[in-house]
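These notes concern the structure reproduced below.
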Amino acid sequence: MPATKKEQLLERFDLARSHNAELISEIREFVSVNKASDTPFMEGYTFNSVIRTLEEERDLVFNDANRAAVTHADENASELDYLIDKIEGQINHYAEIKMGLNIFFKSTN
């Protein structure tokens with residue numbers, strides 16, 4: 001377990017960034033194999049729109065500049081708790097997408 005809030009935030013940031021990359025890869029592979037780019041997936045999104053949303057999150061949130069900002073943040077900054085909660089929410093959302101992909105994948109096999 002990380003000793004400080006900043007370490008906890010960095011750990012969660014890296015985990016979310018990893019989940020984001022894995023989802024993009026898995027969904028792209030599924031789309032390629034199943035020719036499903038415009039197939040409805042979840043919450044009104046198609047597979048392609050989910051990929052685009054994940055790529056936007058990667059580019060806007062889970063980038064090296066933001067990671068560097070976290071690395072240099074004041075350990076006592078009040079925003080750390082907020083950011084940890086937000087990233088935790090994103091990790092949970094990624095788990096929902098992964099579960100949806102698994103359900104969708106099983107229904108096609």
Problem set entry | Residue count, segment 40-53 (criterion: more than 13 Å from Tyr94 (Cβ to Cβ), without any contact (Cβ under 8 Å) to a residue 12 or more places away in the chain and in a helix (DSSP H, G or I)) | 2
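Quick one: in segment 40-68, which of the residues that are of a type in the set (Gly, Ala, Ser) and modelled with pLDDT of 90 or more is nearest to the chain's Cα centre (by Cα)?
Applying the filter and picking the extreme gives Ser49.
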Seminar exercise, completed: Those residues of segment 19-39 which are surrounded by 14 or more Cβ atoms within 10 Å (Cβ to Cβ), of a type in the set (Val, Ile, Thr) and assigned to a helix (DSSP H, G or I) amount to Ile24, Ile27, Val31
Exercise. Within segment 34-83, how many residues are touching a strand residue (DSSP E or B) at 6+ places or on another chain (Cβ under 9 Å) and closer than 27 Å to Gln8 by Cα?
Worked result: 1
Exercise. Does segment 24-39 contain any residue that is within 12 Å of the chain's Cα centre (by Cα) and not polar (S, T, N, Q)?
Worked result: yes
Exercise. In this structure, does Thr4 turn out to be in contact with a strand residue (DSSP E or B) (Cβ under 7 Å, 6 or more places away or on another chain), at pLDDT below 95 and of a type in the set (Ser, Thr, Tyr)?
Worked result: no
Seminar exercise, completed: Selection from segment 25-39 of residues under 16 Å from His93 (Cα atoms) and of a type in the set (D, E, K, R) yields Glu26
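The values are calculated or read from the model by the stated rules, or taken from the named source; none is laboratory data. Only a predicted model underlies this, so the values are computations on that prediction, with no experimental measurement involved. Glycine gets a Cβ as well: all are built from the backbone with ideal geometry, and neighbour counts include every protein chain shown.
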